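Note sheet for the following structure.
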Amino acid sequence: MKSKRRKFWRDNRFRLLLTLELAVMLPAAALIYVNFSHLHSIMRGKKVEALIHRDFQYVLGVSEKRINQEIYAKTEEVRGKVNAASIGKPGDVEKELDEILYTRPWIAHLTLFDRDKGAITRSQPRCLNDPSVHEEHEAIAKGFPEWFNIEGKMLAEQIRKKPQQAIFSSGPAKRNGAESFMTTAVFIPQNASDDHLVLAAASFEPDYLKETFFPSMLHELITQKLSEDDDEPLAMMVFPTPPEGFMSDPKPLVVSPGWGSGKAEVTRNLDNVFRGLSLGIKFQGTTADAIGRRWAVQSFWILGVLSVLMIGGLILAYRSVNREMSLARLKSDFVSNVSHELRTPLALIRLYAETLELGRITTSEKKEEYYRIIRKESERLSALINNILDFSRIEAGRKEYDFRETDIAELVRNTLDTYRYQIEQQGFSLEENLAPGIPRVRVDREAIARALVNLVNNALKYSANEKFLGVKLYRQDDDLKLEVSDRGIGIPRREQGKIFEKFYRTGDPLVHNTKGSGLGLALVRHITDAHGGDVQVESTPGKGSKFTLSLPLSGPPQLANETA
Ligand code: ADP
């Protein structure tokens, strides 16, 4: 019967473990594994960096478009101002071109070319003092008409096909001895007739490009990108495109604020308007590599913590299910134990009462002994039933205590008196040591007596060879101590914490052969808790146990249920 039940529990436990492992542990472990390897592959393949670089490529593409648009707009502005008809009218044409240059300091040179009527090139007068500008002027004034004479027709055709109605020619320039860059828009003036080849060229002032145009463009592009998503702040630069295979870092032409030092993450060779220049982009103060690494470390941490939490949760779930299962087992043991405990005294009472009824007992001594047994057994019954009732009240939260000023020494003495005969009958030597002068304390008499009876009963039940029972009452500081000691089987250390749990019984064979409910000590602990005290056990297996109740002399805390 017993082994069948064991097998049932073992099977159930096995099933539970299997379910937990198959349904929860395995998927959880797989999930953790997949996530970690995923993360690892992202790290190994530098996918975060690649993603950032792709985004940078896109930003640079958009930036180039934006820069070109700005130049197109300026070109269109000049295109509307240059008068195709004025060429061939000496005096007028210089005046008109100078006027355009005067109001638009961002143009360095302006050339107007008419295949039939010749060409004229005007430059910003204030810049001509610079020998390199002067040289530039000479080169343009000579070079452009030559170029237009040869390729003018083809250029005009190309220009007409362009949506921006201009083509660009760009290259390095010098300003005040420093390297700079210039681009020239070649266009057909707005009022030029289709049947007559007229071309104009406006060169953008290198100083303007370097000091005004690019800085403001870079600023605009960076702030625009920043407001899109508030990532790390970006920095951009413009630099002359190095020749193919050029290894060392290029010298920047213009850098945005926050560029600091270091290389560009991604570069883009500009085409069309600024052929010969490149755009570079990077993060301010960090790199895509560092961001990728930071992301990976963060992800590893998050994943690690989540995994630990998941495993912790599983362990907790497993433990709580396990505990519930052992509680269920304890409960079922409890039912069978209690039934036995009820049956034994009832059987005895019935047997002795029947014997007395039959009138077979003649000696009054014998009769008295039988009466005593009946009384004793019924006391055992009531004690058991009281324990169970009390316990169910406690479980339902309905237990109320009746605290009254009490002489504890007297209460202990009276309680022991009731059991003295039983104690001695069982061959125990009782050592009673109640210190005199213990002040009165507010306690629930019945509850304290029940706690004592439970401890005394345990001492009687769990003593094998040496039958000794010690009860000691004394004061220690602000506490009242009530000690019940025996020299019985003792309790192993690892079980000492558990014996106060409901239904818990140790694995000792004597305990198994002795009937009990496993409720006694749980009740004792509840009672001492309600009095604001506690209960401790000291025990050595084979040597005996000592249970000590501590009750505060100041009485129970205000929170406890008071009916007195
Ligand atoms: P019960 O005695 O009905 O089993 P208790 O709650 O009173 O329940 O005690 C719980 C367990 O603690 C007992 O089953 C026993 O294993 C152990 N125990 C209690 N008191 C003693 C003692 N004095 N000596 C040895 N073991 C004890």
Flag for Asn149 being surrounded by fewer than 18 Cβ atoms within 10 Å (Cβ to Cβ), within 60 Å of the chain's Cα centre (by Cα) and not hydrophobic (A, V, I, L, M, F, W, C) = no
Considering residues that are touching a helix residue (DSSP H, G or I) at 6+ places or on another chain (Cβ under 7 Å) and at pLDDT below 90, the number found within segment 235-252 is 0
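Select, from Glu205, Glu146, the only residue that is among the charged types (D, E, K, R) and under 24 Å from Leu277 (Cβ atoms).
Numbers: Glu146 fails: under 24 Å from Leu277 (Cβ atoms).
Residue meeting the stated conditions: Glu205.
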Result of the Cβ filter at 9 Å on segment 488-509, keeping first residues that are more than 20 Å from Ser463 (Cβ to Cβ) and modelled with pLDDT of 90 or more and partners that are part of a loop (DSSP other than H, G, I, E, B) and of a type in the set (Ser, Thr, Tyr), at least 6 apart or interchain, is Lys498/Tyr504; Lys498/Thr506
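Looking at the structure I just gave you, is Leu469 more than 25 Å from Ile394 (Cβ to Cβ), surrounded by fewer than 18 Cβ atoms within 10 Å (Cβ to Cβ) and within 11 Å of the ligand (Cβ to nearest atom)? Steps first, please.
Working: more than 25 Å from Ile394 (Cβ to Cβ): yes; surrounded by fewer than 18 Cβ atoms within 10 Å (Cβ to Cβ): no; within 11 Å of the ligand (Cβ to nearest atom): yes.
Here the answer is no, as Leu469 does not meet what is asked.
Which ones in segment 462-485 are closer than 16 Å to Gln422 by Cβ and under 53 Å from the mean Cα position of the chain (by Cα)? Step through it out loud before you land on a result.
Initial filter on segment 462-485 (closer than 16 Å to Gln422 by Cβ): 462-463, 467-469, 471, 484.
Correct list: Tyr462, Val484.
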When Lys95 is run through (1) free of Cβ contacts under 8 Å to residues at least 24 places away in the same chain; (2) under 54 Å from the mean Cα position of the chain (by Cα), the failure sits at (2)
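For segment 286-343, give me each residue that is small (Gly, Ala, Ser) and within 32 Å of the chain's Cα centre (by Cα). Talk me through it step by step, then tell me what you get.
Here is the first cut: in segment 286-343, the ones small (Gly, Ala, Ser) are 288, 290, 292, 296, 299, 304, 307, 312-313, 317, 320, 326, 328, 332, 336, 339.
Correct list: Ala288, Ala290, Gly292, Ala296, Ser299, Gly304, Ser307, Gly312, Gly313, Ala317, Ser320.
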Flagged pairs (Cβ under 9 angstrom, 6 or more apart or on separate chains; first in segment 29-51, polar (S, T, N, Q); second part of a helix (DSSP H, G or I)) are Asn35/Ser299; Asn35/Leu303; Asn35/Leu306; Asn35/Ser307; Ser41/Lys47
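Do any helices (runs of 4 or more DSSP H) lying entirely in segment 490-547 carry at least 3 residues that are near the ligand (Cβ under 7 Å from one of its atoms), under 14 Å from Ala451 (Cα atoms) and not hydroxyl-bearing (Ser, Thr, Tyr), and which ones are they? Break it down stepwise before answering.
Working: elements: 493-496, 509-513, 520-530.
Correct list: 520-530.
Just one of Ser123, Ser132 is surrounded by 14 or more Cβ atoms within 10 Å (Cβ to Cβ) and under 23 Å from Tyr72 (Cα atoms); which is it? Even if it seems obvious, please write down each step before you answer.
Working: Ser132 fails: under 23 Å from Tyr72 (Cα atoms).
The conditions single out Ser123.
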Inside segment 260-288, the number of residues satisfying the requirement of being among the acidic types (Asp, Glu) and part of a strand (DSSP E or B) is 0
Those residues of segment 453-475 which are out of contact with any strand residue (DSSP E or B) (no Cβ under 8 Å at 6 or more places or on another chain) and without any contact (Cβ under 8 Å) to a residue 60 or more places away in the chain amount to Lys461, Ala464, Asn465
Exactly one of Glu483, Glu446 is surrounded by 17 or more Cβ atoms within 10 Å (Cβ to Cβ), more than 10 Å from the ligand (Cβ to nearest atom) and acidic (Asp, Glu), and that one is Glu483
Selection from segment 266-290 of residues surrounded by 18 or more Cβ atoms within 10 Å (Cβ to Cβ) and within 29 Å of Ser41 (Cα to Cα) yields Val266, Thr267, Arg268, Gly280, Ile281, Lys282, Phe283, Ala288
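Somewhere in segment 73-80, is a residue assigned to a loop (DSSP other than H, G, I, E, B) and either at pLDDT below 95 or not polar (S, T, N, Q) (or both)? Write out each step before concluding.
First pass over segment 73-80, keeping only residues assigned to a loop (DSSP other than H, G, I, E, B): none.
No: zero hits.
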| Would segment 412-425 turn up any residue that is of a type outside the set (Ser, Thr, Tyr), closer than 27 Å to Tyr371 by Cα and within 15 Å of the ligand (Cβ to nearest atom)? | yes
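The values are calculated or read from the model by the stated rules, or taken from the named source; none is laboratory data. All values derive from a computational prediction rather than experimental measurement. Quick reminder, even Gly has a Cβ in these numbers, built from the backbone with ideal geometry, and neighbours come from all protein chains shown.
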